[in-house]
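Notes follow the structure.
The values are calculated or read from the model by the stated rules, or taken from the named source; none is laboratory data. Computed from a predicted model, the values in this text were never measured in an experiment. A quick note on method: Cβ atoms are made from the backbone with ideal geometry, for glycine too, and the neighbour counts reach across all protein chains shown.
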Amino acid sequence: MIRAENLGVYYESDSDRRDDFKSHVHRIIRGERRNDIFWALKDISFTGYAGDVLGIIGPNGAGKTTLCRTIAGLLRPNRGQLEVKGNVSALLSLGTGFDKELTGNENIYLNGMMLGFPRHRIKELLPLIQDFSGLGRFLDQPLKYYSSGMKARLGFSIASVIDAEILVIDEVLGTGDMEFKEKAVQKVWELVGEAGMVLVVSHETDFIKDHCNRALWIDNGSVRASGDPEQVVESYEQLGAGSKKPKKKKLSRLKQSSPGAGEEIAIEARDLSLEFKLEGKPFRALDSLNFQVYDREILGIIGPNGAGKTTLCRTLCGIYKQDRGELRVNGAIAALLSFGTGFNPQLSGYDNIYLNGMMLGIPKYKIRRVEEEIIAFSELDQFIDQPVKHYSRGMRSRLGFSIASMLQPDIFIVDEALSAGDIAFQEKAAARMQEMLKEAKAVLLVTHSMKIVKKVCTRALLMDQGRIIFDGDPLEAVETYRASVKKKQNPVLS
């Protein structure tokens, strides 16, 4: 169904061809007038067959997203040959083709028509998409209120239900909750059973080993290994971030966070409540929350999509104002609430360091002091002068985390932004959050990675339907969450 032979794709980074005038002037001032060609893909060759679930792995910036865009027809190869037999449905990033001002239902029509399907066909598929997404009344809510996981649910539901012979999924399932990931896996195998093919880009190597029959490891734009998923993943994990980098520690070998906390209160919520209007009726996004966060805590916030996790983060940051209750925040907050929030896609990564930092309220002279550290920590030095529009989700995640964490906030909030990072960066980010407790008062981490919660967090909140279901030991919180998912799936047995 797919045959690639010596496939090559490059980007030009000519300062005279930049889309943004500010970037052009900025680079002239810095004395960087050059005409470079960056090969994102170099001589990629592979064959994909009907019935394949092909897992694609590799570090951020390896070329995985570029390969997906090329297969989907969004990029034209600069050399080599690419043959694709069958129509392609691609889910390349969260919210691609979505309009945040439109409702979920309206975006189903918008996305479907962008994929080339007539309105009457989308209308026929609408009940299937609505049911599969599990978003219920949220489908009548504008997308600007959706969390990353909710956008992932909607995007996958559209892409997988629309008739396609090849489904391309680029690192989207990482933001889905436990229940939805299992539904997505079942849908993938349904498609394969109909003689289709699925390409899955993921940093969750357990997913690749468990659900793919073949794996492709891409590194620095080239195929490093292909074949049996177990063997390919093992080779990739042994080398961590790539051949030119030292072997990385696995998350399982990361130093366990010490339990306990200090005596100073960083955040205190009393009877915290917030309502939205859904279908003209009030909907409790946050329902009478009572909790305290102390200094020296890494607080994990877990739960299903739509539980209120993102709403809580936005309320803590002052983006939303609670309808009832009290909220006290003791210190300055830096928040990474989604991939590329505050990024200008036309500007370079370097320019976005300053743009993002100043949006966080940091003076320019302070950003200048740490700009080299930010670039070094992100490991994006070879891409830093490229426009962010060419970055993959993982690269945006790297840059966003590096900016926010290096600016030394009192309270650091990360809302599901690490799921797109590769193995090496997730480990590095986890270690950085542990180090931050020496400087920051507290770290709040929203994630669907139970491994990170159990290893890194000192305490965890389990949320569902706007309420706190459990508050305490991270291991116990994860087990309580798993039990609640099983109960939903098997209510009679439970």
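Before moving on, here are some points about what is shown:
- Against the test of being within 20 Å of Ala90 (Cα to Cα), surrounded by fewer than 18 Cβ atoms within 10 Å (Cβ to Cβ) and out of contact with any Leu (no Cβ under 6 Å at 6 or more places or on another chain), the options Leu110, Leu154, Leu143 yield a single qualifying residue, Leu110.
- Of all residues in segment 439-452, those satisfying the criterion of being among the charged types (D, E, K, R) and either under 17 Å from the mean Cα position of the chain (by Cα) or surrounded by fewer than 23 Cβ atoms within 10 Å (Cβ to Cβ) (or both) are Glu439, Lys451.
- Within segment 440-453, one or more residues are assigned by TED's automatic domain parsing to the domain that holds Asn356, farther than 24 Å from Pro304 by Cβ and modelled with pLDDT under 85.
- Cβ-Cβ contacts under 8 Å between residues 6 or more apart (or on different chains), taken from a first residue in segment 176-191 that is in the same structural domain as Val161 (by TED's automatic domain parsing) and of a type in the set (A, V, I, L, M) to a second residue that is modelled with pLDDT under 80 and outside any helix (DSSP H, G or I), are listed as Ala184/Gly176; Leu191/Ala164.
The rows are residues; the columns are (1) out of contact with any Gly (no Cβ under 8 Å at 6 or more places or on another chain); (2) surrounded by 23 or more Cβ atoms within 10 Å (Cβ to Cβ); (3) without any contact (Cβ under 8 Å) to a residue 60 or more places away in the chain; (4) among the acidic types (Asp, Glu).
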| residue | (1), (2), (3), (4) |
| --- | --- |
| Glu373 | yes, no, yes, yes |
| Phe377 | yes, no, yes, no |
| Leu380 | no, no, no, no |
| Phe383 | no, yes, no, no |
| Gly394 | no, yes, no, no |
| Arg398 | no, yes, no, no |
| Ser402 | yes, yes, yes, no |
| Gln408 | yes, no, yes, no |
| Ile413 | yes, yes, no, no |
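Residues checked against (1) modelled with pLDDT of 90 or more; (2) over 23 Å from the mean Cα position of the chain (by Cα); (3) in the same structural domain as Asn60 (by TED's automatic domain parsing); (4) part of a loop (DSSP other than H, G, I, E, B):
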{"site": "Asp206", "(1), (2), (3), (4)": "no, no, yes, no"}
{"site": "Val233", "(1), (2), (3), (4)": "yes, no, yes, no"}
{"site": "Gly242", "(1), (2), (3), (4)": "no, no, yes, yes"}
{"site": "Gly260", "(1), (2), (3), (4)": "no, yes, no, yes"}
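- Out of Ile122, Ile129, Ile56, sole residue that is at pLDDT 85 or above, more than 23 Å from the chain's Cα centre (by Cα) and surrounded by 20 or more Cβ atoms within 10 Å (Cβ to Cβ): Ile122
- Test: residue in segment 330-343 that is more than 30 Å from Phe132 (Cβ to Cβ), in contact with a strand residue (DSSP E or B) (Cβ under 6 Å, 6 or more places away or on another chain), surrounded by fewer than 16 Cβ atoms within 10 Å (Cβ to Cβ) and not assigned by TED's automatic domain parsing to the domain that holds Leu139: yes
- Pairs with Cβ under 8 Å, 6+ apart, first in segment 472-494 and closer than 24 Å to Arg459 by Cβ and at pLDDT 80 or above, second surrounded by fewer than 14 Cβ atoms within 10 Å (Cβ to Cβ) and not small (Gly, Ala, Ser): Asp473/Pro259
- Evaluated against (1) in a strand (DSSP E or B); (2) over 30 Å from Trp39 (Cα atoms), Lys187 falls short on exactly one condition, (1).
- Residue match in segment 356-370 (condition: surrounded by 23 or more Cβ atoms within 10 Å (Cβ to Cβ) and in contact (Cβ under 8 Å) with a residue 40 or more places away in the chain): yes
- Answer from Ile166, Ile122, Ile162, Ile158 - the residue that is aliphatic (A, V, I, L, M) and farther than 30 Å from Gly63 by Cβ: Ile122
- Residue in segment 405-422 that is more than 23 Å from Tyr11 (Cβ to Cβ), assigned by TED's automatic domain parsing to the domain that holds Ala307 and assigned to a helix (DSSP H, G or I) present: yes
- Any hit, segment 91-98, residues being over 21 Å from Thr310 (Cα atoms), crowded, with 16+ Cβ neighbours inside 10 Å and in contact (Cβ under 8 Å) with a residue 60 or more places away in the chain: yes
- In segment 123-167, residue farthest from Ile2 (Cα to Cα) [restricted to those that are part of a loop (DSSP other than H, G, I, E, B) and among the acidic types (Asp, Glu)]: Asp163
- For segment 431-452, a tally of residues being basic (Lys, Arg) and in a loop (DSSP other than H, G, I, E, B) returns 2.
- Out of Lys455, Lys428, Lys389, sole residue that is surrounded by fewer than 18 Cβ atoms within 10 Å (Cβ to Cβ) and part of a helix (DSSP H, G or I): Lys389
- Residue selected from segment 344-354 under the condition buried (at least 17 other Cβ atoms within 10 Å of the Cβ) and not acidic (Asp, Glu), by the criterion modelled with the lowest pLDDT: Asn344
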